[in-house]
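Input: a single structure, listed below in structure tokens.
The values are calculated or read from the model by the stated rules, or taken from the named source; none is laboratory data. All figures in this text were calculated on a predicted structure; none of them were measured in a lab. A quick note on method: Cβ atoms are made from the backbone with ideal geometry, for glycine too, and the neighbour counts reach across all protein chains shown. Protein only, heavy atoms only, side chains kept; ligands, DNA and RNA dropped before computing areas. Shrake-Rupley method; radii C 1.70, N 1.55, O 1.52, S 1.80 Å.
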Amino acid sequence: MLRGFYTAASGMMAQQRRVEMLTNNIANANTPGYKADQAALRAFPELLLSRLDETTVPTKEAPRSFPFSAAVGSINTGVYTQELIPNFRQGDIKETGRPTDIALINGTLPDATGTLFFVVQNENGDIRYTRNGNFTMNPQGFLTTSDGWYVLDENGRRIELPSEDFTVNADGTIIANNNRIARINIAFAANPNMLVKEGNGLFRSNTGVLPSALNNLNITYTLKQGFVERSNVDLNRAMTEMLSAYRAFEANQKIVQAYDKSMDKAVNEVGRLK
């Protein structure tokens, strides 16, 4: 009976984490460049059950013999949330009119599962990747994210702008006062699921620096100034999945309550000595 407790409780925990994931997706539905998470649920390893007695039900004519063992079959021991996997599908493009907003639009990629990222850097020199093109110009004149991460150019340097009066071409080249300032670096991830999601739209690579897409003839993309890529969260689907997760949580909860009543009866009534 305790096994049933554990199985139902594991289902409740998995659905609770799924609800938390969906809540976070819905909360970031208006965050530029946000990539919705998807939960991967997995069952615990199955156990093989065996009977310790004979393979047939004993009768008066065929009494129980000792001992025999027979396999009953496998039993599942519960479920858990193995990991949260971001969905890197391209989000819709929204016009903002701000010169520092830049949308990255995927074109031709050598791998259908791959995607492109802006390359950013913090004060300590740490490299991260983002799809959030909601940039700004800091007081020192550098192009940064809203959290202060510096946007890098093709040579890995921070992009310094003379003013907000500049133009970004489709290939990422920045022109100001009729002069070429820099070209925005774009990184390519053949398998973006290997990246670690850190929050605030940032991703970290644990396998080294991602290769640049600038000189790769098999990759095409477009940068659009005055636009941002919206979140790829599907609100209708997220709300439907949240209701489904709530129902699954409640079903497991009722199972736990039923087991609790059964054990209470076993302890206080069945096992009572008269």
For GLY208, the lone unmet condition from (1) over 25 Å from LYS35 (Cα atoms); (2) part of a loop (DSSP other than H, G, I, E, B) is (1)
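Please tell me if LYS94 is under 30 Å from the mean Cα position of the chain (by Cα), assigned to a loop (DSSP other than H, G, I, E, B) and modelled with pLDDT of 90 or more.
So LYS94 fails the test.
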Are any residues in region 183-207 on the phi > 0 side of the Ramachandran plot and either in contact with a helix residue (DSSP H, G or I) (Cβ under 6 Å, 6 or more places away or on another chain) or open to solvent by less than 60 Å² (accessible area, probe 1.4 Å) (or both), and if so, which ones? GLY199, GLY201
Closer than 16 Å to LEU202 by Cβ, touching a strand residue (DSSP E or B) at 6+ places or on another chain (Cβ under 9 Å), open to solvent by 10 Å² or more (accessible area, probe 1.4 Å) and of a type in the set (Gly, Ala, Ser): is that true of SER146 in this structure? yes
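Which ones in region 1-31 are of a type in the set (Ser, Thr, Tyr) and either modelled with pLDDT of 80 or more or within 15 Å of PRO86 (Cα to Cα) (or both)?
THR7, SER10, THR23, THR31
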The correct count of residues that are part of a strand (DSSP E or B) and over 21 Å from ASN106 (Cβ atoms) in region 27-42 is 4
For TYR246, state whether it is open to solvent by 80 Å² or more (accessible area, probe 1.4 Å), hydroxyl-bearing (Ser, Thr, Tyr) and either in contact with an Asp or Glu (Cβ under 6 Å, 6 or more places away or on another chain) or touching a residue at least 60 places away in the same chain (Cβ under 8 Å) (or both). yes
Report, ordered by the first and then the second residue, all pairs with beta carbons closer than 8 Å, sequence separation of six or more or different chains, a first member in region 32-52 that is among the polar types (S, T, N, Q) and modelled with pLDDT of 65 or more, and a second member that is assigned to a strand (DSSP E or B) and open to solvent by less than 80 Å² (accessible area, probe 1.4 Å). GLN38/LEU84; GLN38/ILE85; GLN38/PRO86
Kindly provide the set of residues from region 158-190 that are touching a residue at least 60 places away in the same chain (Cβ under 8 Å), hydrophobic (A, V, I, L, M, F, W, C) and in a loop (DSSP other than H, G, I, E, B), ordered by number. PHE166, ALA190
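For region 110-134, which positions are in a loop (DSSP other than H, G, I, E, B) and either free of Cβ contacts under 8 Å to residues at least 60 places away in the same chain or open to solvent by less than 40 Å² (accessible area, probe 1.4 Å) (or both)? Please lay out each step first, then the result.
Going residue by residue through region 110-134, those that are in a loop (DSSP other than H, G, I, E, B) are 110-114, 122-126, 131-133.
Matches in region 110-134: ALA112, GLY114, ASN122, GLU123, ASN124, GLY125, ASP126, ARG131, ASN132, GLY133.
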Conditions (1) under 30 Å from GLN140 (Cβ atoms); (2) open to solvent by 50 Å² or more (accessible area, probe 1.4 Å); (3) not in a strand (DSSP E or B): number failed by SER231: (2)
